[in-house]
Amino acid sequence: MSDKRIKKQLLKKKLFAKNRLIILNEETFEEIFSLKLTLMNVFVVASIGAILIIFITTFIIAFTPLREYIPGYTSTKLKKDATELALKSDSLEFAIKKNEIYLQSIQKVLNGNLQYAKVNKDSILAISVDTLPDLQLTATESELKLRKEVSDQEKVEKDKKAKENRGKKKEKIK
């Protein structure tokens, strides 16, 4: 156990031992730069530098057009074009469906399966448009009560306006 303790202390001593980094001019041996360092300081600075480089690289790739060169990322222009093409194809499908219905109705007329008076392009187009199913909605008692209150209020307001108008007409006549 004491052997492990000695190794830890030796490692701690090596990590925190102060060393001097000196940069000299080789011709004149003049000291240009001097710095006191420990092995732990060098390790911390190197780790922080590596982390900064990773973050800067990630930022550059994620928020610049460079991301288009990474597999899996698509360009914004490509996404915009795909959306526009999808909208165009949907509208073209709808137009083709309308034309097919129109042609089918003309074929029915030519074959004699349909009366001539019923053939109208506007009516055919109106038939092809998707409609909502007819729903049978019934009002609840509270809705009926509210409707009655609103109609009563409207009647009272109409009566007031009518009386005011009659009063104004009588004043004008006098």
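Values as computed for the structure displayed
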| quantity | calculated |
| --- | --- |
| Condition met for residue 109 (surrounded by 11 or more Cβ atoms within 10 Å (Cβ to Cβ), in contact with a Phe, Trp or Tyr (Cβ under 8 Å, 6 or more places away or on another chain) and modelled with pLDDT under 80) | yes |
| Extreme residue, farthest from the chain's Cα centre (by Cα), among residues of segment 31-61 that are farther than 25 Å from residue 13 by Cβ and of a type outside the set (A, V, I, L, M, F, W, C) | 31 |
| Of the criteria (1) loosely packed, with under 10 Cβ neighbours inside 10 Å; (2) at pLDDT below 80, which one residue 74 fails | (1) |
| Options 146, 132, 137: the member that is modelled with pLDDT of 60 or more and part of a loop (DSSP other than H, G, I, E, B) | 137 |
| Residue within segment 116-125 that is at pLDDT 90 or above, surrounded by 10 or more Cβ atoms within 10 Å (Cβ to Cβ) and charged (D, E, K, R) present | no |
| Unique match (being among the aliphatic types (A, V, I, L, M), loosely packed, with under 11 Cβ neighbours inside 10 Å and assigned to a strand (DSSP E or B)) among 85, 10, 35 | 35 |
| Residue in segment 19-29 that is among the aliphatic types (A, V, I, L, M), surrounded by 10 or more Cβ atoms within 10 Å (Cβ to Cβ) and either in contact (Cβ under 8 Å) with a residue 24 or more places away in the chain or part of a helix (DSSP H, G or I) (or both) present | no |
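The values are calculated or read from the model by the stated rules, or taken from the named source; none is laboratory data. Computed from a prediction, not measured in an experiment: that's the story for all the values here. Here the Cβ is made from the backbone with ideal geometry for all residues, glycine too, and neighbour counts use every protein chain on show.
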